[in-house]
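Since the structure comes first, as structure tokens, the remarks are kept for the end.
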Amino acid sequence: MNQILIQFTNGITYAGLLFMIASGFTLIFGVMRVINMSHGAFYILGAFIAYTIQKQTGNWLSAIIVGSVTVAATAFIVRLLVSRVKGALPQTVLTLGIAMMIGDLCLYIWGGLPRTVGEPIFTQNPVPFAGLTYPTFRFFVLGLACVVGGGMWYMLQRTQLGRILRAGTDNRSMTSALGINIDRIFTLVFIMTGFITGMSGAVGGTYIAFGPGSDFVILTYALVVVIMGGMGSIAGSALGALIVGIVDSFGRAYVHEVAIFLLMGTLIIVLAFRPQGLLGREE
Amino acid sequence: MDTLSLKNVSKRFGGLYAVRDVNLDVTHGERLGLIGPNGAGKTTLFNVITGDLRETEGKIFLFGQDVTRTAVRKRVAIGLRRTYQKSSLFDSLTVGENLYLAILGPQVGRGRSHYNLSRLAKKDKQRMDRAMEVAKTVNLEKMFETRSGLLSHGERRQLEFGLAIAIEPRLVMFDEPVSGLSPEERKMVVDMLKSLPKDITLLLIEHDMHVALSISERVVVLHEGCIIRVGTPKEISGDPEVQMVYLGGTVNG
Amino acid sequence: MKRYVTLFIIMLVVLSFCALPAFAQKPIRIGVLATLTGAFAELGQDSVDGVKLAFEEVDYKVAGRPIKLYIEDTAATPTLAVDKCRALINRDRCSIVLGPLSGAEGLAIKKSADEWPNATIIVAASAAENVCRRGIKPNIWRTSFSGDQPMFPLGIYAYDHGFRRVITIGEDYAFPYAHVGGFLKTFIDMGGCVSEKYWVPIGTSDYASIITDMPKDADCIYLSLSGSDVISFLTQMDKFGMMGKYEIFGGATSIDAGTLTTMGDVVKGIVSGSIWTGEIDSAAFRSLDKRYHDLRGRPVGLFCGLYYRAAEVAMLGIEGCGGKPEDVRAFRQALGRVKYDGAVSHIEFDEYQQAKMDVFINEVRYLRGEWRNAIVKTYKNVSQFWDFDPDEFQKQPSYSRDFPDKPCR
């Protein structure tokens, strides 16, 4: 029983990180119909910058903040480049190119050794949990994911921006017909996404090693989560992340040889019954 | 000053002219009907006027300004509104939120207000109140909190009407506002159209000749992208050439 | 007239003599296959460094001929490795290819080896079990180790130090199968048993479910993870407060110099088996270590050492055949005679064209201001078959998830 509880906890704490990674990805797709292939690159960039700042200053919090802000700024530049190109497909291809550029730049600056960001002091002592000492940091990540998720929910449901975003996800051309400057909204979405993804990179990089190649691993996870939950749906990302996290956790513990198969199998079953994903809407 | 003025406007797709050398002046407060058979270029002309499509040649003036190269949302900001032939709403938003955005958009576009991205401010309360008024105008006040995706076809048409007139419209263009409606719903929309204040200029594409002729003061007939006739509803309905190209002897019901 | 003909012939002879040194000066073209992008990018860079460090020592001149290097990136993809190898040999006319780096790439190259009878491939790092075993190719030689080769002694070492029940954690592909397999082969032979085996895909990021699932009654963990996987695993072990609960034994790639640089004191005291080490009393090693250190700012690691070794052995082969590796028969005979006393180990080939080499049991220690692998025990001149009979050995199944195995009850 304890084992099941622990694996369940492993699953949802992992899901927390997956959700943070996937939420920005789905947001960009939702309003812009662009599959942001540089999403994974945003993640490792955030992680690398946080790594350097943490190493220089020893202060984890400032590392996370600098990492997130830098990636937000990068995302702003990416957005400017993307806006020069017309059409969702060329834009997607452009983001792939940018992903490779960022990846190579990271390799040039930080080299190819896998890294982790130094851990903050406040989570250094594991807590006793279900007959085990459980890393405080994983609970912290879960908490952070809840805050991010809650913040996003509030933003989407209760603010003006949220209404515009939801409207843009529904019917983009109509927003212009109502006089809304959707381009500016896109820019904002990119910056927000950059911030959240940079933050997930910095936080995730504290307990999951990253290096060259991690960018596309992260992109794959984001895609699986988002496709399962429904492209463009924040709630879908949360649900997708939970399923991926829990399936992955139990799979790895009990049938580890087929863990990936199990995960992809779940995805295929979901898509067989709901091609648009669990909470996605039909196009 | 004409509300809308088109000078030699053409729109070509490849080698095919969808709109050809159209000259048209619409005066303030006028009710103008645009008719023609399928594929005559009516909706293309609408899209060129709104800026959704870029014209191949010609110039467009709105309220005296040259808007030929102006973005859609900026044309909206100076008072242009339209509805779409295919239903266009934000399906996952409530009726109230749909109307709210229709009110917010033009205000922001005119620089009267900025996006308030953090929270819903007092100003938004005013907009929501205004949204409620509009909802009453289009008989949807009971559905205010309903997601628009759940509305019936007729209710959707009412809401689209509401979006178009929600705030300070000067020129409203309706693209087949009664298509696919039941007779009762149709009557309701026609009444709404008729009851629009006189200082709103109205441009109407309508397949239903009875509706088109009953609302319009002047009718323009478009055929293969060209204007072939302009006249009063009476003149048009009696014109043999129009009957030939468009009516084909039977009135489309 | 006749005089002119004679003069003409003399001139020709003289000219051709002048031309001969020019012919001898034709460069020896050597291809390098390494992984310069993706998850193994750092290993590939180390590898290329190793080749360059070796040739710099002789100023890119061997047996009087200049050396020209052609370097290709395989991205750790077997099909790409074959394509790039083909390009090096057919397009760039390389007579020697050093590489490839990863296990599956080595097997793919072996499969296509018959395509290239006039080139010799010196497998510099790929550690797939069957590269020089169960059927060999005349043009495939390996200076690197077979996956199990350095692990036989580690299995014995672990048993000798009182460990009986092992948990193995490895990435799910050929190299870790052989790596885990070699360890288990001797460990089980001695009387140890397997408490649990975990296989994870390359690039696995979250190990929480494995860490919390590991049987409590096991006494040691054998790790065959590389790159970011091993860092994630050890970081998370640390966060779970599990470091020290089990003795950890590492594979050659798991606890290498790169891992030590990143992990620091978390890996203190971990024992691993490798054909490389971080500290050995030899002038050649000290010099290589220093030159690498000047280049990259950390101790020289396994992959740099492996490619360095391959390049040095190739040079001995070239010298042994009079500077003409294009003459494949002579060159391969020369390779067979090579007795190389390298930076850390003596090397010579067995009849399967696989190098025999020293294996080190290393322990992570803080030496000369850095975390380094220090030797606690050396096994000399280890064969790819350990002390098993080669014929009997090759009759056993290839290593897999399930072989060898002996579950603890």
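Bridging of B:Lys123 to aspartates and glutamates at a Cα separation below 19 Å is possible for B:Glu97, B:Glu133, B:Glu168, once same-chain residues fewer than 8 apart are set aside. The three principal axes of the Cα atoms in region B:136-208 give end-to-end lengths of 31, 28, 17 Å, sorted in falling order. Counting only Cα atoms, region C:44-200 measures 54, 32, 26 Å along its principal axes, largest extent leading. Sorted largest first, the principal axis extents computed over the alpha-carbon atoms of chain C equal 100, 47, 34 Å. Classified by the C-alpha gyration tensor, region C:257-384 has a prolate form. Its axis ratio a/c, with a ≥ b ≥ c, is 1.5 or above, and a/b is larger than b/c.
Taking each of C:Lys110/C:Lys377; C:Lys26/C:Lys110; C:Lys185/C:Lys380; A:Lys55/C:Lys52; C:Lys356/C:Lys377 in turn, the alpha-carbon distance tops 24 angstrom for C:Lys110/C:Lys377; C:Lys26/C:Lys110; A:Lys55/C:Lys52. In chain B, once you exclude exposed trypsin sites (Lys or Arg not before Pro) (DSSP loop, at most 13 other Cβ within 10 angstrom), what's the longest stretch remaining? It works out to B:120-197. Among the lysines, which have Cα under 27 Å from the Cα of B:Lys234 when same-chain residues fewer than 8 positions away are ignored? Within reach: B:Lys7, B:Lys42, B:Lys187, B:Lys194, B:Lys198. The order of C:Ser209, C:Ser282, going from fewest to most other C-beta atoms within 10 Å of their C-beta, is C:Ser282, C:Ser209. Put the Cα centre of region C:349-409 next to the Cα centre of region C:94-135 and the gap is 20 Å.
Going from the fewest other Cβ atoms within 10 Å to the most, the residues B:Ser152, B:Ser237 appear in the order B:Ser152, B:Ser237.
Rg of the Cα atoms in chain A, relative to 2.2 N^0.38 Å, amounts to 0.99.
Normalising by residue count, region A:1-44 has a Cα convex hull of 72 Å³ per residue. Set the Cα radius of gyration of region A:7-164 against 2.2 N^0.38 Å, with N its number of residues, and you get 1.17. Looking at region C:105-189, the trypsin sites (Lys or Arg not before Pro) that sit in a DSSP loop and have at most 13 other Cβ atoms within 10 Å of their own Cβ are C:Arg134. Please state the shape class of the protein assembly as shown: rounded when a/c is under 1.5, otherwise prolate if a/b exceeds b/c and oblate if not, all from the C-alpha gyration tensor. It comes out prolate by the Cα gyration axes. Under a model in which nothing but the beta-carbon of Lys, Arg (+1) and Asp, Glu (-1) is charged, the protein assembly as shown shows a dipole of about 1980 debye around its Cα centre. Report, ordered by chain and residue number, the lysines lying within cross-link reach of C:Lys111, taken as a straight Cα distance under 22 Å and ignoring same-chain residues fewer than 8 apart. By straight Cα distance, C:Lys111 reaches C:Lys84, C:Lys137, C:Lys395.
Computed about its Cα centre, the charge dipole of chain A is approximately 560 debye, with only Lys, Arg, Asp and Glu carrying charge at their Cβ.
In a DSSP loop and with at most 16 other Cβ atoms within 10 Å, there are no chymotrypsin sites (Phe, Trp or Tyr not before Pro) in region C:256-336.
Across A:Ile218, A:Ile180, A:Ile35, mean-square fluctuation computed from a Gaussian network of chain A (C-alpha pairs under 10 Å connected) peaks at A:Ile180.
Please sort by residue number the chymotrypsin sites (Phe, Trp or Tyr not before Pro) in region C:142-208 whose DSSP state is loop and whose Cβ has at most 15 other Cβ atoms within 10 Å.
Those that pass, being in a loop and sparsely packed, are C:Tyr173.
Cβ-to-Cβ counts within 10 Å put C:Thr74, A:Thr187 in ascending order as A:Thr187, C:Thr74, the fewest first.
Can you bin region A:134-239 into rounded, prolate or oblate? Criterion: square roots of the alpha carbon gyration tensor eigenvalues sorted a ≥ b ≥ c, rounded for a/c under 1.5, prolate for a/b above b/c, oblate for the rest. It comes out prolate by the Cα gyration axes. Shape descriptor for chain B: Rg over Rh equals 0.97 (Cα atoms; Rh from the Kirkwood inverse mean 1/r). Free of any trypsin sites (Lys or Arg not before Pro) that DSSP assigns to a loop and that have at most 14 other C-beta atoms within 10 Å, the longest stretch within chain A is A:87-283.
For C:Lys68 and C:Lys111, a Förster radius of 22 Å and the Cβ-Cβ distance give a FRET efficiency of 0.20, rounded to the nearest 0.05.
Rounded to the nearest 0.05, the FRET efficiency derived from the C-beta distance between A:Gln124 and A:Cys146 at R0 = 22 Å is 0.50.
In nm, give the distance between the simple-model label positions of C:Ala330 and A:Lys86, each being 7 Å from the Cα along the Cα-to-Cβ direction. Here the modelled spin labels are 6.7 nm apart.
Using a simple spin-label model with pseudo-atoms 7 Å out from Cα toward Cβ, C:Lys339 and B:Asp66 lie 9.4 nm apart. Here's the picture: charge each Lys and Arg Cβ at +1 and each Asp and Glu Cβ at -1 in the protein assembly as shown, and of C:Ser345, A:Phe140, C:Leu69 the one pushed furthest to the positive end of that dipole is C:Leu69. Between B:Thr232 and B:Arg130, the contour length at 0.36 nm per residue exceeds the alpha carbon distance by 33.1 nm.
No lab work stands behind these numbers, since they all come straight from the coordinates. Since the structure is predicted, the reported quantities are computational estimates derived from the model, not experimental observations. Note that we place each Cβ from the backbone using ideal geometry, even for glycine, and neighbour counts take in every protein chain shown.
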